[in-house]
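Read through the structure below, which is laid out as structure tokens, and then see the notes.
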Amino acid sequence: MLLAALLLAGAALADAGGGQAAAPAAPAVVAHGVSSAGQAAEAETARLNAWFNAREEEALATSPMARTGAGDKRDYDKIDDMSEAAQDRALAWRRKTVEDLRAHFTRAKLTPDGQLSYDLWIDQYRRTAEAVKFRRSDYIFTQMQGPQASLAQFLIASHRVTEASDMDAYVARIGGLSRALGQLKDRAKLNAEAGARPPQFAYDGAILQARALITGAPFGGDGDSPIWADAKAKIDGLVKTGKIDPARADALRERAKTALLTQWGPAYQRLIDWLEADKAHADKIATGVGKNPNGAAYFAMRLRNMTTTDLTPEQVHQFGLSEVARIHAEMAVIQKQVGFQGTLQEFFTYVRENPKFYYPSTDEGRQAYIAAVTADLEAMKRKLPLYFGILPKADLVVKRVEPYREQAGAVQFYANGTADGSRPGVFYMHLIDMKAMPIPQLEVAAYHEGIPGHHMQISIAQELTDVPKFRSRLVFAAFLEGWGLYSEQLAKEMGAYRDPYSDFGRLTLEEWRAIRCVLDTGIHAKGWTEAQAVQYMHDNAPLTDAQIRSEVRRYIVQPGVASSYKIGMREILRLREKAKAELGDSFDIRKFHDVVLGGGALPLDMLDRRVEEWIATQKGARGGQESLH
């Protein structure tokens with residue numbers, strides 16, 4: 001799961017207020033060889049794009065955190081309003097924009113890409129409105145990088161300090177984040193009272209992360225707390241670059257310390273106190289959301305929104321079972337290739353427990369892991385021009401997760417950079433327990449999170465200039481994670497995976513995602529307990545015990561997300577095979593990838609439409625060339 005999405009998960013969508021007039025007519029676009037109807041459609045689409053960009057600016061005006069995430073320093077001292085009232089205002093604004101869109105633009109008069117943007121804007125409202133109906137069913141604070149951790153990470157990773165005024169804004173944001181944390185706590189209390197409580201382990205994880213953020217100076221305890229260490233480092237950086245003198249630095253440190261002691265610390269302590277008290281009402285034996293009030297309908301909504309399909313829980317469950325069986329057969333081939341005698345489950349145990357498949361849990365072992373990942377990503381980067389026409393401008397770096405949010409066995413993840421490349425994308429890894437980081441899975445995780453996976457897709461989307469700005473920031477789990485999983489297989493086609501065991505690691509992670517379809521639906525629609533889910537995963541995948549426990553608990557608190565990976569991958573592969581079949585020798589993998597990524601993230605049905613239109617265009621161009629001979 002991506003950090004950018006997590007940071008803003010509890011934020012208001014936007015609160016623009018007031019009505020919007022249609023954008024003024026744009027000058028006609030005249031292109032050689034384009035019909036008058038085509039010119040009119042291009043002109044109308046240009047007018048629509050200007051309207052979209054104006055609406056997006058209104059939305060960003062109410063989300064200072066989204067501005068910062070995009071590399072924009074306006075409202076740099078502010079934090080989003082995360083109350084339910086703000087959420088309601090945002091939804092009302094979005095509804096009004098849809099009314100204005102329909103009143104001032106005729107869909108049929110737009111270009112195909114303009115029609116796609118038109119549909120996407122309405123789709124965003126529809127999905128948001130449906131989710132808001134179920135907001136009392138949401139889990140807000142859990143072990144999975146909930147706001148107790150992501151708000152702090154926003155300040156540390158996204159709030160860049162290059163001028164003295166940036167540090168003034170940083171101090172102001174300490175108070176804003178403290179307020180936002182309280183707003184989210186109030187929402188969590190309402191949800192708990194409505195019967196939506198995560199299991200006790202989720203409370204434990206959230207409490208642990210929250211405590212870590214108020215342990216150490218200036219709150220007490222050994223060392224510096226993460227935020228205090230970050231504040232001091234950023235102030236020291238201003239001194240080193242000559243932006244402030246030592247006296248100003250001392251004053252800034254004192255202001256930051258006061259804000260942490262009077263605002264940050266109390267807000268986090270209030271959250272911890274509530275979590276500890278409410279934990280007693282949560283279930284010790286963990287199951288899914290199906291048992292909660294309105295739980296079945298809530299999970300169905302989550303599954304629709306995460307997969308961007310109308311698949312039922314039973315359909316997803318059966319698809320997962322069939323994929324597990326298929327991948328087991330491919331794993332058996334590799335087992336035979338390496339000469340292992342025994343059952344597939346015994347081979348799982350061998351790969352899971354043999355020390356040769358792990359780096360040591362030492363600083364040297366962790367650095368060796370990071371170096372290996374970096375080398376693999378650099379090698380993959382050199383191959384990109386053979387498979388992609390559009391390449392990202394943003395750089396990618398590899399880092400270990402910070403101690404305050406590091407968890408043994410937790411999944412590796414990607415945090416996006418900025419569109420202008422001033423902040424690189426980051427591939428984060430949990431290295432606290434190297435026994436949870438098998439070497440056979442090293443390559444595949446790097447390709448999924450980095451190149452050609454999330455970093456490639458998200459960076460290209462952010463850097464798009466020929467679509468309305470809102471499209472460059474959309475997130476659809478099935479598209480996002482489907483592309484990441486597709487990238488694992490694509491990497492094999494690009495010549496990656498150094499040995500059979502690394503290829504086995506690729507299959508392990510693909511099977512892992514197939515298992516997710518089984519467990520996501522089993523837990524939330526069929527009432528499976530945590531113990532049942534752990535046993536199924538242990539019997540069917542060569543994952544470590546730490547990975548399995550962490551993963552199952554992730555599925556329990558994030559209903560619907562786990563199913564999105566395989567559903568998204570299935571659709572991208574289906575579209576690629578369709579394009580190959582229809583275009584034959586004229587099929588170009590680079591052009592196909594550019595079509596998939598060049599429109600930004602899309603729901604799967606709209607991705608299908610975009611690829612179908614491209615296929616038709618390619619066939620038309622080929623037919624035109626043939627007619628010339």
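Name every residue in the range 512-537 that is assigned to a helix (DSSP H, G or I) and farther than 19 Å from Thr307 by Cβ, in order of residue number.
In the first step, residues of the range 512-537 are kept if they are assigned to a helix (DSSP H, G or I); the result is 512-525, 530-537.
If the condition is that a residue be assigned to a helix (DSSP H, G or I) and farther than 19 Å from Thr307 by Cβ, then Glu530, Ala531, Gln532, Ala533, Val534, Gln535, Tyr536, Met537 are the ones that fit.
Looking at (1) in a helix (DSSP H, G or I); (2) within 28 Å of Tyr555 (Cα to Cα); (3) of a type outside the set (Ser, Thr, Tyr), can you tell me which one Gln335 breaks?
Failed condition: (2).
Among what's in the range 436-490 and is crowded, with 24+ Cβ neighbours inside 10 Å and of a type in the set (Ser, Thr, Tyr), pick the residue that is modelled with the lowest pLDDT.
Ser459
Return the residue satisfying two criteria in turn: it lies in the range 71-102 and is in contact (Cβ under 8 Å) with a residue 60 or more places away in the chain and more than 30 Å from Ser137 (Cβ to Cβ), and of such residues it is surrounded by the most Cβ atoms within 10 Å (Cβ to Cβ).
As a first pass, look at the range 71-102 and keep what is in contact (Cβ under 8 Å) with a residue 60 or more places away in the chain: 71, 73, 76-84, 86-87, 89-91, 93-94, 96-97, 100.
Those left that are additionally more than 30 Å from Ser137 (Cβ to Cβ): 71, 73, 76-77, 100.
Working: Gly71: 16, Lys73: 16, Tyr76: 20, Asp77: 17, Asp100: 16.
Checking each candidate, the answer is Tyr76.
Quick check: is even one residue across the range 243-260 surrounded by 15 or more Cβ atoms within 10 Å (Cβ to Cβ), of a type in the set (Lys, Arg) and closer than 30 Å to Ala131 by Cα?
Kept after step one, since they are surrounded by 15 or more Cβ atoms within 10 Å (Cβ to Cβ), are these residues of the range 243-260: 243-244, 248-249, 252-253, 255-257, 259-260.
Then drop every residue that is not of a type in the set (Lys, Arg), which leaves 243, 248, 253, 255, 257.
Retained after the next criterion (residues that are closer than 30 Å to Ala131 by Cα): none.
No, because not a single residue in the range 243-260 is surrounded by 15 or more Cβ atoms within 10 Å (Cβ to Cβ), of a type in the set (Lys, Arg) and closer than 30 Å to Ala131 by Cα.
Give the residues of the range 244-292 that are assigned to a helix (DSSP H, G or I), out of contact with any Leu (no Cβ under 9 Å at 6 or more places or on another chain) and basic (Lys, Arg), sorted by residue number.
Those that are assigned to a helix (DSSP H, G or I), out of contact with any Leu (no Cβ under 9 Å at 6 or more places or on another chain) and basic (Lys, Arg): Arg253, Arg255, Lys257, Lys279, Lys291.
Examine the range 575-589 for a residue that is surrounded by fewer than 22 Cβ atoms within 10 Å (Cβ to Cβ), among the small types (Gly, Ala, Ser) and touching a residue at least 40 places away in the same chain (Cβ under 8 Å), and state whether such a residue exists.
No, the range 575-589 contains no residue that is surrounded by fewer than 22 Cβ atoms within 10 Å (Cβ to Cβ), among the small types (Gly, Ala, Ser) and touching a residue at least 40 places away in the same chain (Cβ under 8 Å).
Restricting to the range 194-243, count the residues that are among the hydroxyl-bearing types (Ser, Thr, Tyr) and in a helix (DSSP H, G or I).
Initial filter on the range 194-243 (among the hydroxyl-bearing types (Ser, Thr, Tyr)): 203, 215, 225, 241.
Within this subset, residues satisfying the condition of being in a helix (DSSP H, G or I) are 203.
Looking only at that region, the number is 1.
For the range 273-300, which residues satisfy the criterion of being more than 19 Å from Arg136 (Cβ to Cβ) and either free of Cβ contacts under 8 Å to residues at least 40 places away in the same chain or surrounded by fewer than 18 Cβ atoms within 10 Å (Cβ to Cβ) (or both)? Steps first, answer last, please.
Step one: list which residues in the range 273-300 are more than 19 Å from Arg136 (Cβ to Cβ), which gives 273, 276-277, 279-280, 284-286.
Correct list: Asp273, Glu276, Ala277, Ala280, Lys284, Ile285.
If you check every pair at least six apart or on different chains, which have Cβ atoms under 8 Å apart with a residue in the range 214-238 that is touching a residue at least 12 places away in the same chain (Cβ under 8 Å) and buried (at least 22 other Cβ atoms within 10 Å of the Cβ) first and a residue that is part of a helix (DSSP H, G or I) and of a type in the set (S, T, N, Q) second?
Ile214/Gln269
Pairs, please: C-beta under 9 Å, at least 6 apart or cross-chain, first residue at pLDDT below 95 and in the range 343-359, second surrounded by fewer than 12 Cβ atoms within 10 Å (Cβ to Cβ) and assigned to a helix (DSSP H, G or I)?
Going by the 9 Å Cβ cut-off, the qualifying pairs are Gln345/Asp539; Phe348/Asp539.
From the set of residues in the range 301-316 that are crowded, with 20+ Cβ neighbours inside 10 Å and part of a helix (DSSP H, G or I), which is nearest to the chain's Cα centre (by Cα)?
Met306
Only one of Thr62, Thr68 is closer than 20 Å to His159 by Cβ, in contact with a helix residue (DSSP H, G or I) (Cβ under 6 Å, 6 or more places away or on another chain), β-branched (Val, Ile, Thr) and surrounded by 16 or more Cβ atoms within 10 Å (Cβ to Cβ). Can you tell me which? Show your work before the answer.
Numbers: Thr62 fails: in contact with a helix residue (DSSP H, G or I) (Cβ under 6 Å, 6 or more places away or on another chain).
The conditions single out Thr68.
Take the residues in the range 111-166 that are touching a Gly at 6+ places or on another chain (Cβ under 7 Å) and part of a loop (DSSP other than H, G, I, E, B), then tell me which one is surrounded by the most Cβ atoms within 10 Å (Cβ to Cβ).
Filtering the range 111-166 for residues that are touching a Gly at 6+ places or on another chain (Cβ under 7 Å) and part of a loop (DSSP other than H, G, I, E, B), the one surrounded by the most Cβ atoms within 10 Å (Cβ to Cβ) comes out as Gln143.
Being part of a loop (DSSP other than H, G, I, E, B) and among the hydrophobic types (A, V, I, L, M, F, W, C): is that true of Phe347 here?
Numbers: part of a loop (DSSP other than H, G, I, E, B): no; among the hydrophobic types (A, V, I, L, M, F, W, C): yes.
Considered against the rule, which asks whether it is part of a loop (DSSP other than H, G, I, E, B) and among the hydrophobic types (A, V, I, L, M, F, W, C), Phe347 comes out as no.
The values are calculated or read from the model by the stated rules, or taken from the named source; none is laboratory data. Since the structure is predicted, the reported quantities are computational estimates derived from the model, not experimental observations. Neighbour counts run over all protein chains shown; Cβ positions are idealised from the backbone, glycine included.
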